[in-house]
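Beneath this line is the structure, given in structure tokens, with notes to follow.
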Amino acid sequence: MKEFKMYLDLLYYDSFKEFMEDAAVGEGDFVLTNEFLYNQFVKPLEPSCGALFIEAYGLGEPTTEMVDRIRADLPDGVRRIIAIGGGSVLDIAKMLSLHVSSGKTEDLFLGDEAPSRVYDVYAVPTTCGTGSEVTNACAVELVSLHTKRGLNNNLMFPAKSVLIPELISGLPYKFFATSSIDALIHAVESYMSPKACPHTELFSKEAIRLILRGYQYIVENGLEKWTDLADEFILASNYAGIAFCSAGCAAVHALSYPLGGKYHIPHGEANQLVFAATFRKYKEKKPEGKINDLEALFGELLGVPSDQALEAAFALFDKVQPRKPLREFGVSDSEFKDFAEGVIAGQTRLLNNNYTLLSLEDMVEIYQAIY
Ligand SMILES: [Fe+2]
């Protein structure tokens, strides 16, 4: 059985001001964001609601401990959380919206109790990668286990998903590059997943088309020209979110988690590090299958023969965002077996979506290939 899950109340606005007025953001609402976004977009509108900046609780990818401290600081009487930011902000808002009796975020992941939903989340992305605004998923570092974990729960579908291209056009280039590559990987992993169905493929393929066309445009015309295509990139990220919400992500996300959890390499960058090596391993282990459909799709979009399409795509991604070897992040090759064991023990939710089975040795070889 395959399933296409979509809860969508999607709103498009030309400006952030129009959204805030239309949603009548005020008493009973709470804004969760970053300070620079607040100062730029929210503060000038002077809404009568509280606000909190996630960086005051820790830098980098979110941890359960950060979410607990934010939860403790939320005032009484909040009905809606207006989450304005990248994947971390949106994921934290979705975790806050769920309540377990212990009040501990880790118990959402490790406990037996079914949580209840206590807030409605309005998810307003400011990067073009997360897709979190349309998924029932979140990811966080579990402090007690020193690893990143994902969680799916239909109660975490945002009440409203709000797309405002104005919010992403001020992104620094590096954030554009790493977030859009994350979206591309969402689209590709969901396309290759055994849980893919005709509806998820529709969204995956359109996200891949928009991102590859966009990358070709900026490589030809100047990387800073990505803002010409802000509308397309935010849509692609959203489509990829719809696809992976049902078909799931897989080994690339699983293998990147130790790099994010232990070395705090940003999510999109960590994914890009392992992406090409994972797909070369897939191709080596199972050269015939859905990977040929992906090669045909890449080949058609990039204007190269199918048998050269994967390498042409990897080369294009590296032009958009050059990759550094793992050793430059302080990672030691003596850790690869531990990483792989941790992935096998903790990321079965993702590994079940792999194109083909990857053994512990395969995973160690993937890390070695990018060392
Ligand atoms: Fe991702």
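The values are calculated or read from the model by the stated rules, or taken from the named source; none is laboratory data. Keep in mind that this is a model prediction, so the values were computed, not measured. Note that we place each Cβ from the backbone using ideal geometry, even for glycine, and neighbour counts take in every protein chain shown. These accessible areas exclude ligands, DNA and RNA; they are computed on the full protein's heavy atoms, side chains included. Shrake-Rupley method; radii C 1.70, N 1.55, O 1.52, S 1.80 Å.
Quick notes on this structure:
- Residue within the range 33-49 that is touching a residue at least 12 places away in the same chain (Cβ under 8 Å), part of a loop (DSSP other than H, G, I, E, B) and under 28 Å from A240 (Cα atoms) present: yes
- Members of the range 213-270 that are out of contact with any strand residue (DSSP E or B) (no Cβ under 8 Å at 6 or more places or on another chain), away from the ligand (no atom under 13 Å from the Cβ) and of a type in the set (S, T, N, Q): Q216, N221, T227, S246
- Selection from the range 343-356 of residues that are touching a residue at least 12 places away in the same chain (Cβ under 8 Å) and open to solvent by 40 Å² or more (accessible area, probe 1.4 Å): I344, R349, N352
- Residue match in the range 280-287 (condition: within 14 Å of the ligand (Cβ to nearest atom), at pLDDT 95 or above and open to solvent by less than 10 Å² (accessible area, probe 1.4 Å)): no
- Residue in the range 175-192 that is away from the ligand (no atom under 14 Å from the Cβ) and assigned to a loop (DSSP other than H, G, I, E, B) present: no
- Test set (1) under 29 Å from R209 (Cβ atoms); (2) in contact with a Phe, Trp or Tyr (Cβ under 8 Å, 6 or more places away or on another chain); (3) in a helix (DSSP H, G or I); (4) not β-branched (V, I, T) - Y355 fails condition number: (3)
- All positions within the range 127-159 that are under 27 Å from V25 (Cβ atoms) and away from the ligand (no atom under 16 Å from the Cβ): N153, N154, L155, F157, P158, A159
- Only one entry of Y282, Y263 meets the criterion of being under 17 Å from I344 (Cα atoms), touching a residue at least 40 places away in the same chain (Cβ under 8 Å) and of a type outside the set (K, R), and that entry is Y282.
- Check on K205, away from the ligand (no atom under 13 Å from the Cβ), part of a helix (DSSP H, G or I), open to solvent by 40 Å² or more (accessible area, probe 1.4 Å) and closer than 16 Å to D293 by Cα: yes
- Those residues of the range 158-202 which are more than 27 Å from V42 (Cα to Cα) and of a type in the set (A, V, I, L, M, F, W, C), in sequence order: I181, L184, I185, A187, V188, M192, A196, C197, L202
- Of all residues making up the range 72-94, the number that are away from the ligand (no atom under 16 Å from the Cβ) and touching a Cys at 6+ places or on another chain (Cβ under 6 Å): 0
- Identity of the residue in the range 140-191, at pLDDT 95 or above and among the small types (G, A, S), that ends up surrounded by the fewest Cβ atoms within 10 Å (Cβ to Cβ): A159
- Unmet requirement for Y239, which otherwise passes all of (1) within 17 Å of F175 (Cα to Cα); (2) open to solvent by 10 Å² or more (accessible area, probe 1.4 Å): (1)
- Considering the range 303-322, the residues that are surrounded by 16 or more Cβ atoms within 10 Å (Cβ to Cβ) and part of a loop (DSSP other than H, G, I, E, B) include one that is nearest to the chain's Cα centre (by Cα), namely Q321.
- Taking the listed residues S161, S97, S179, S101, the one that is hydroxyl-bearing (S, T, Y) and closer than 21 Å to A254 by Cβ is S179, with no other qualifying.
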